[in-house]
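A.B. asks: Here it is, the structure, as structure tokens.
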Amino acid sequence: DAKTTQPPSMDCAEGRAANLPCNHSTISGNEYVYWYRQIHSQGPQYIIHGLKNNETNEMASLIITEDRKSSTLILPHATLRDTAVYYCIVRVGGATNKLIFGTGTLLAVQP
Amino acid sequence: GAGVSQTPSNKVTEKGKYVELRCDPISGHTALYWYRQSLGQGPEFLIYFQGTGAADDSGLPNDRFFAVRPEGSVSTLKIQRTERGDSAVYLCASSLTISQPQHFGDGTRLSIL
């Protein structure tokens, strides 16, 4: 699975959009980009995933560049409850489906 | 609906003891995963079950660790002769099929004294 690079931490003002970047320059054509988040003392929570097209659900939007070497997770209106560690993961479809986590980005939403 | 349930939520035991950690996946989910998370790190994969069989156990650190899923639902992670380095949060996840997103429980925090 391709390696991902994320900033260790970011701040965002409550009510503003949070844009979390992820680099995955060695991604292969059959690898998906997944985003999870982990709030303190809880298990990771699935947010969204995509292959090449942009995706949106009730939690967030995922923007994948045309060359697929980077992506951005967008939380449109961040709240204090969105403070968490956000993990960007690249995974090959099928086979084991195991997730390889890095150290993620700690997003701190400020009041 | 009910999510992934892990018991106990906390376990404290002495070095050298045997422990069992239980995972109840979401009903109907065929795939089940165990991960381990040390302080300040992301979760690390341990083992994956498809149905009753362990399809990938490449993440188990050594032969003191073993996991079963005898009826294709509940899984138990077993650790023999525990060591202080085994202290971590043990997370379980399940997915409907291998290609669907994994959903995690809140983990068991294991402390070896």
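A.B. asks: Cut-off under 25 Å on the C-alpha distance; same-chain residues fewer than 8 positions from A:Lys98 excluded. Which lysines are left, in chain and number order?
C.D. replies: List returned: A:Lys3, A:Lys52, A:Lys69, B:Lys78.
A.B. asks: Let's test the formula: R0 of 35 Å, r as the Cβ-Cβ distance of A:Lys52 and B:Thr52. What FRET efficiency results, to the nearest 0.05?
C.D. replies: Efficiency for this residue pair is about 0.50.
A.B. asks: Quick one: putting +1 on the C-beta of Lys and Arg, -1 on the C-beta of Asp and Glu, what dipole do you get for chain A around its Cα centre, in Debye to the nearest 20?
C.D. replies: 220
A.B. asks: Let me ask another. Counting only DSSP beta bridges with both residues in chain A, tell me the antiparallel percent, nearest 5.
C.D. replies: About 85 percent, rounded to the nearest 5.
A.B. asks: Hey, how many Å between the Cα centroid of the stretch B:1-42 and the Cα centroid of the stretch B:66-113?
C.D. replies: One Cα centre to the other: 4 Å.
A.B. asks: Summed for both chains, how many Å² of accessible area, to the nearest 100, are buried between A and B with a 1.4 Å probe?
C.D. replies: When A and B are taken together, about 1500 Å² of accessible area is lost.
A.B. asks: Based solely on C-alpha atoms, express the radius of gyration and the Dmax of the stretch A:1-65 in angstrom.
C.D. replies: 12.9, 36
A.B. asks: Take every DSSP beta bridge whose two residues both sit in the protein assembly as shown, then give the antiparallel share in percent to the nearest 5.
C.D. replies: About 85 percent, rounded to the nearest 5.
A.B. asks: Of the accessible area of chain B, with the probe set at 1.4 angstrom, what percent is carbon plus sulfur?
C.D. replies: Summing carbon and sulfur atoms, their accessible area is 47 percent of the total for chain B.
A.B. asks: Grab the eigenvalues of the alpha-carbon gyration tensor for the stretch B:11-95, scale each by 5, take roots, and send me the semi-axes largest first in whole angstrom.
C.D. replies: One finds semi-axes of 22, 14, 12 Å for the stretch B:11-95.
A.B. asks: Also, quick follow-up: Relative contact order, percent, of the stretch B:1-108 when contacts are C-alpha pairs under 8 Å separated by at least 6 residues?
C.D. replies: Relative contact order here is 37 percent.
A.B. asks: Subtract the Cα-Cα distance of A:Leu106 and A:Ser9 from 0.36 nm times their separation in residues, and report this length gain in nm to one decimal.
C.D. replies: Taking 0.36 nm per residue and subtracting the Cα distance, the gain is 34.5 nm.
A.B. asks: Using a 1.4 angstrom probe on heavy atoms only, work out the carbon and sulfur share of the accessible area of the stretch A:1-108 in %.
C.D. replies: Of all accessible area on the stretch A:1-108, carbon and sulfur atoms account for 50 percent.
A.B. asks: Can you pull the accessible area of A:Tyr32 for me, 1.4 Å probe, Å² to the nearest 10?
C.D. replies: The accessible area comes out at roughly 70 Å².
A.B. asks: So, in nm, how far is label A:Ile39 from label A:Thr72 when the simple model puts each one 7 Å beyond its Cα toward the Cβ?
C.D. replies: 2.6
A.B. asks: Could I ask something else about it? Residues of the stretch A:42-77 losing 10 Å² or more of accessible area relative to the isolated chain, 1.4 Å probe, heavy atoms only?
C.D. replies: When all protein chains are present, A:Gln42, A:Gly43, A:Pro44, A:Tyr46, A:His49 each give up 10 Å² or more of accessible surface.
A.B. asks: How high is the relative contact order of chain A, given as a whole-number percent (alpha carbon pairs under 8 Å, six or more residues apart)?
C.D. replies: That works out to 37 percent.
A.B. asks: For the protein assembly as shown, with every protein chain kept in place, what is the accessible area per residue (1.4 Å probe, Å²)?
C.D. replies: With all protein chains present, the protein assembly as shown gives 49 Å² per residue.
The values are calculated or read from the model by the stated rules, or taken from the named source; none is laboratory data. As the structure is a prediction and not an experimental result, all values here were calculated from the model. So basically every Cβ, Gly included, is an ideal-geometry build from the backbone, and we count neighbours across all protein chains shown. All accessible areas refer to the heavy atoms of the entire protein, side chains included, with ligands and DNA or RNA removed. Shrake-Rupley method; radii C 1.70, N 1.55, O 1.52, S 1.80 Å.
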